[in-house]
Amino acid sequence: MNRRHFLRTGLAAAPAFTVAGRLFAAPAGTPRFLCVFLRGGYDCANFLVPWSSSFYYEKRPRIAIAKPDPALTDGALALDSDWALAPAVRDSLGPLYQQRQAVFIPFAGTDDLTRSHFETQDSIELGQPAQTTRDFRSGFLARLAGTLNGATPIAFTDTLPLAFKGDSGIASISLQRGGKSPFDDTQTGTLRGMYTGNHLESAVREGLELQQEVAQAMQEEMQAANRGAISTKGFELTAERMARFMRTQYRLGFVDVGGWDTHVNEGGAQGALATNLNSLGKGLATFAAALGDEWNNTVVFVLSEFGRTFRENGNAGTDHGHGSVYWVLGGRVNGGRIAGEQVRVSHDTLFQDRDYPVLNNYRGVLAGIFGTLWALGPQQLDVIFPGARPLDLKLV
Amino acid sequence: MAAGTLVGCASTPQTAAKAANVADMPWLERLTFGVNSGVLAQYQKLGRNGFLEAQLRGTDEHLPQAVAQDLAQLPIGELDAARLVMGIAAEQKRINALPEGPDKQAARQKLNEQGNQAAYEARRRELLRAIYSPAQLKEQMVWFWLNHFSVFEQKANVRWLLGDYSEQAIRPHALGHFRDLVMATLEHPAMLQYLDNAQNAVGRINENYARELMELHTLGVDGGYSQHDVQELARVLTGVGIAAPRPPQLRPELRGYYVRAGAFEFNPARHDFGPKTLLGHTLTRHGFAEVSEAVDLLVHQRACARFISRKLAVYFVGDDPPVALVERMAQTFQESDGDIAAVLRTLFTSRELAAQAGRKFKDPMQYVLSAVRLAYDTRLIQNMHPVTGWLAALGEPEFGHPTPDGYSLQDAAWSSSGQMSRRFEIARSIGYGSAGLFDPESGGPATLVGFPLLTTPVYYTVLEPSLSAQTRNALERARSQQEWNLYLLASPEFNSR
């Protein structure tokens, strides 16, 4: 059987069910996509360690991660003769990689050279060609949602991210908190009535509905906890709740994770970056497990605005750089490998003598994934990423 | 209370309305964190222009006596940044030297709790002033600049320094000259820790602050600087750091360059004295004078005048402010050498602002403060935890933005679905009871119970005339005063200004 068969069953062709103006989930088996944005520019070289490069060890005397040692069960995990996975994610992402459910794309990123967090995050989320006037009302995920009829998008964030900005209101709700709705049906109706015809009408309606759904999810969690389930916190908790939402109703998700701007005392195998990676890795493994069989119909894409300087700085940290490493996870992705165009990690391949180069543009990488995942044609992809050339990295 | 009574009073105009020009009410709403009885009285006494000029001066900061007493009692006011920085560092050193064990853990925990308490007190102090000070424009500008020169409480020892940061670096210059704000934040240990410049030294360059100083504080990302300028400015800023308990031993030729003021220190031994160019200019001065020269260069760029003017216009006027207004403000900025009050005068006397009356969605700070100002006017809130909790729940806690760009000033950042429902829950909390606001922080029984009455003279003067038919319809359907409060505070009109 074609292992990618399931993914080609495009949502574009699937009917959307709507009841009382609300889109309901497309049939089981249609793809899900979760975009995880690491805000702050995570140091990819201490995540996917270029362990065959003596240059890496030379330029990171205080923060380099030691070479994989087969005798150690808690050191870096060798993925091939060049790359190793940081110890912090060894137990969470390592098994996914070994089950061919994880791909890493080094030398990935954008054309943006500002090295500004905010500028580069914006440019990625907008997904528009470089050197064009930006339209801040149109993010790439919103355009994807518009292309896929019935994708039921949702942002698991406090505020709607730029990636989801578009003509139609897209739901956003942070899963870090929640509680029982304090409003009875009359009040809910009156609150909605005040916003009829207002530009916030759909936000108000969605907000009141989502609030009830989160409350229900929490109630179920409490029941599970009473039966002795381990209670989670932080990103793991968010991940578990995201899985609940994406297993049933939502097919297109976005979440962001902060805390990656490690200018000072970044740490190596342990320390600030490792702690953050550990929590992220555990969360994503939790997400995979909590989706159950639907993990086989899911693709998680992890990206960050840029990589960091290849050399450590004067404070045992790293500054804003360029090329990054993206991750693609999913039950049936074409995993267990390092994908995309690569170069040897050495002095002469550094971009501007300081950073990883970008050889795999995010627009091309994502267009390639979307094209396969939902069987989208060139014209549809051109709406999502205008002017981009889809890269066929055989990721999904 | 019966619904009939409510409908009855909702249609009764109050006498206070007579002395106020209804057309000025939306303008007053933007000059303040919500009109209260004090604002109305001041406006009626001084007239429109007199009121604006008084707000631009911001010198009348007369707080209600109970608030002033309360502020005076906050222990945070007793220590300056220099003593705090050294005291905390010494305590951390002492704890680190303790043998591992329960004592060490307890000492760590105690210090940690002290830090959290210091951060809370800093927030509480900001909120007390923002809610009760008659200098409402100044209070908004203090928030605006704390957000523009944002620091994050959870970085390094910033928690302890927040109160001093606001008091020394921001408040004195909130309506003053922009350059003074840049220099005051540049020298403050909270910023030096937050953006790592305390670690920036010759041969150990850290370009974090240098980049944000241009990108976020002065020029904006399209302000015409390059990566090379970032690197050069980082070199300029080497040696700008936090004072150690004792001044460094310096070679004789460097001693003349040493600067020390409170917790701030310029250490020439850590400075790169090589030649530098910034934005195409060769810098001519040396040591800390070179830092000052670089800041001069930055704040005198047209890009800086535009960047700051536009950001002010986004905050006070709307998401996409008219270019003509921004240009006039930038002109004022340059002609007045960055006089913030002068730039605000251009803004608050503009037709463009008037044209946007009632259309700017309140951010969480504006929303929560306007609600408590309407509900409790000048009555002293005993417990600020509910307010800080609401701000956190809405995603805009003071000193809680992890990244240096500060909170978004765009409407859309605060009106997503999740936030609308949360805002309604907060409207309910405020409308249905005293919400813990009058449970003294020191314990003891609540000093006020029950729900607030929002049908005040301020309501009839400022809000009632602006309500749509839909909102009036909802209010008429209220089954209790509490529910009426909920609908008013949740209404589209109350959520905008």
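The values are calculated or read from the model by the stated rules, or taken from the named source; none is laboratory data. All values reported here derive from a predicted model rather than from experimental measurement. No Cβ is skipped: glycine too gets one built from the backbone with ideal geometry, and neighbour counts run over all protein chains shown. Areas reflect the complete protein model, heavy atoms only, side chains present, ligands, DNA and RNA absent. Shrake-Rupley method; radii C 1.70, N 1.55, O 1.52, S 1.80 Å.
Could you please give the count of residues in region A:197-211 that are without any contact (Cβ under 8 Å) to a residue 12 or more places away in the chain, facing another protein chain (nearest Cβ under 7 Å) and either part of a helix (DSSP H, G or I) or charged (D, E, K, R) (or both)?
0
Of the conditions (1) over 14 Å from the mean Cα position of the chain (by Cα); (2) under 30 Å from A:I63 (Cβ atoms), A:E213 clears all except one; give me its number.
(2)
Can you confirm whether B:V291 is under 30 Å from B:I430 (Cβ atoms), assigned to a helix (DSSP H, G or I) and open to solvent by less than 30 Å² (accessible area, probe 1.4 Å)? Break it down into steps so the answer makes sense when it comes.
On the way: under 30 Å from B:I430 (Cβ atoms): no; assigned to a helix (DSSP H, G or I): yes; open to solvent by less than 30 Å² (accessible area, probe 1.4 Å): yes.
Taking the combined requirement at face value, the residue does not satisfy it.
Considering each of A:T309, A:T298, A:T286 in turn, give the residue that is among the polar types (S, T, N, Q) and over 23 Å from A:Q98 (Cβ atoms). Can you show your working first?
Values: A:T298 fails: over 23 Å from A:Q98 (Cβ atoms); A:T286 fails: over 23 Å from A:Q98 (Cβ atoms).
It is A:T309.
Identify, please: which residue in region B:208-238 is over 18 Å from B:Q301 (Cα atoms) and open to solvent by 10 Å² or more (accessible area, probe 1.4 Å) and is, among those, nearest to the other protein chains (Cβ to nearest Cβ)?
Looking at the filtered set, the residue picked out is B:Q231.
Residues in region B:259-277 that are in contact with a strand residue (DSSP E or B) (Cβ under 9 Å, 6 or more places away or on another chain) and open to solvent by 50 Å² or more (accessible area, probe 1.4 Å): how many?
Our first condition is that a residue be in contact with a strand residue (DSSP E or B) (Cβ under 9 Å, 6 or more places away or on another chain); within region B:259-277, this holds for B:259-260, B:263-272, B:275-276.
From what is left, the residues that are open to solvent by 50 Å² or more (accessible area, probe 1.4 Å) are B:260, B:269-270, B:275.
Of the residues in that region, 4 qualify.
Conditions (1) assigned to a helix (DSSP H, G or I); (2) within 13 Å of chain B (Cβ to nearest Cβ); (3) open to solvent by less than 40 Å² (accessible area, probe 1.4 Å), marked per residue:
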{"site": "A:L237", "(1), (2), (3)": "yes, no, yes"}
{"site": "A:E240", "(1), (2), (3)": "yes, no, no"}
{"site": "A:G259", "(1), (2), (3)": "no, yes, no"}
{"site": "A:T262", "(1), (2), (3)": "no, yes, yes"}
{"site": "A:N265", "(1), (2), (3)": "no, yes, no"}
{"site": "A:A274", "(1), (2), (3)": "yes, no, yes"}
{"site": "A:S279", "(1), (2), (3)": "yes, no, no"}
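Under 7 Å between Cβ atoms, which residue pairs at least 6 apart in sequence (or on different chains) link something in region A:37-48 that is touching a residue at least 24 places away in the same chain (Cβ under 8 Å) with a partner that is of a type in the set (K, R) and not in a loop (DSSP other than H, G, I, E, B)?
Every condition considered, the pairs that remain are A:G41/A:R308; A:D43/A:R308.
Sort out which residues of region A:281-296 are under 16 Å from the mean Cα position of the chain (by Cα), open to solvent by 20 Å² or more (accessible area, probe 1.4 Å) and over 30 Å from B:A156 (Cβ atoms), and write them in order of number.
A:A285, A:T286
Across region B:82-106, what is the total count of residues that are open to solvent by less than 100 Å² (accessible area, probe 1.4 Å), in a helix (DSSP H, G or I) and farther than 22 Å from B:P245 by Cα?
2
Taking helices (runs of 4 or more DSSP H) that do not extend beyond region A:113-196, which have at least 3 residues that are under 17 Å from A:F33 (Cα atoms) and either out of contact with any Pro (no Cβ under 8 Å at 6 or more places or on another chain) or more than 10 Å from chain B (Cβ to nearest Cβ) (or both)? Can you show your working first?
Numbers: elements: A:117-126, A:140-147, A:185-194.
Where helices (runs of 4 or more DSSP H) fall fully within region A:113-196 and carry at least 3 residues being under 17 Å from A:F33 (Cα atoms) and either out of contact with any Pro (no Cβ under 8 Å at 6 or more places or on another chain) or more than 10 Å from chain B (Cβ to nearest Cβ) (or both), they are A:140-147.
Taking the condition of being at pLDDT 95 or above, buried (at least 19 other Cβ atoms within 10 Å of the Cβ) and either part of a loop (DSSP other than H, G, I, E, B) or at the interface with another protein chain (Cβ under 10 Å from one of its Cβ atoms) (or both), how many residues in region B:455-487 meet it?
Residues flagged as at pLDDT 95 or above, buried (at least 19 other Cβ atoms within 10 Å of the Cβ) and either part of a loop (DSSP other than H, G, I, E, B) or at the interface with another protein chain (Cβ under 10 Å from one of its Cβ atoms) (or both) within region B:455-487 amount to 8.
For a quick check of your reading of the model, give me the residue pairs whose first member lies in region B:142-163 and is in contact (Cβ under 8 Å) with a residue 60 or more places away in the chain and on the phi < 0 side of the Ramachandran plot, whose second is among the acidic types (D, E) and part of a helix (DSSP H, G or I), with beta-carbon atoms closer than 7 Å and at least 6 apart or on different chains.
From residues that are in contact (Cβ under 8 Å) with a residue 60 or more places away in the chain and on the phi < 0 side of the Ramachandran plot, the pairs are B:G163/B:E121.
What are the residue pairs meeting all of these: first residue in region A:275-286, first residue hydrophobic (A, V, I, L, M, F, W, C), second residue assigned to a helix (DSSP H, G or I) and buried (at least 20 other Cβ atoms within 10 Å of the Cβ), Cβ atoms under 7 Å, and 6 or more apart or on different chains?
A:L277/A:A88; A:L277/A:V89; A:L280/A:F235; A:L284/A:A239; A:A285/A:L96
A:N315 is checked against (1) assigned to a loop (DSSP other than H, G, I, E, B); (2) surrounded by fewer than 22 Cβ atoms within 10 Å (Cβ to Cβ); (3) more than 20 Å from the chain's Cα centre (by Cα); (4) touching a residue at least 12 places away in the same chain (Cβ under 8 Å) and fails just one. What number does that condition carry?
Of (1) assigned to a loop (DSSP other than H, G, I, E, B); (2) surrounded by fewer than 22 Cβ atoms within 10 Å (Cβ to Cβ); (3) more than 20 Å from the chain's Cα centre (by Cα); (4) touching a residue at least 12 places away in the same chain (Cβ under 8 Å), only one is false for A:N315: (2).
Among residues belonging to region B:337-353 that are assigned to a loop (DSSP other than H, G, I, E, B) and open to solvent by less than 30 Å² (accessible area, probe 1.4 Å), point out the one that is farthest from B:D411 (Cα to Cα).
As a first pass, look at region B:337-353 and keep what is assigned to a loop (DSSP other than H, G, I, E, B): B:337-338, B:349-350.
Filter again for open to solvent by less than 30 Å² (accessible area, probe 1.4 Å), leaving B:338, B:350.
On the way: B:G338: 27, B:S350: 21 Å.
Among residues in region B:337-353 that are assigned to a loop (DSSP other than H, G, I, E, B) and open to solvent by less than 30 Å² (accessible area, probe 1.4 Å), the one farthest from B:D411 (Cα to Cα) is B:G338.
So if I check each of B:A305, B:A324, which one is more than 14 Å from every other protein chain (Cβ to nearest Cβ) and open to solvent by less than 20 Å² (accessible area, probe 1.4 Å)?
Every option except B:A305 fails the conditions.
Of all residues in region B:186-207, which are of a type in the set (A, V, I, L, M, F, W, C), within 11 Å of chain A (Cβ to nearest Cβ) and either in a helix (DSSP H, G or I) or closer than 14 Å to B:A294 by Cα (or both)? Quick ask: steps written out before the conclusion?
Of region B:186-207, the ones of a type in the set (A, V, I, L, M, F, W, C) are B:186, B:190-192, B:195, B:198, B:201-202, B:205.
Subset that is within 11 Å of chain A (Cβ to nearest Cβ): B:195, B:198, B:201-202, B:205.
Within region B:186-207, just B:A198 meets the criteria.
State the number of residues belonging to region B:241-262 that are in contact with a Phe, Trp or Tyr (Cβ under 8 Å, 6 or more places away or on another chain) and either under 13 Å from A:S116 (Cα atoms) or more than 14 Å from chain A (Cβ to nearest Cβ) (or both).
8
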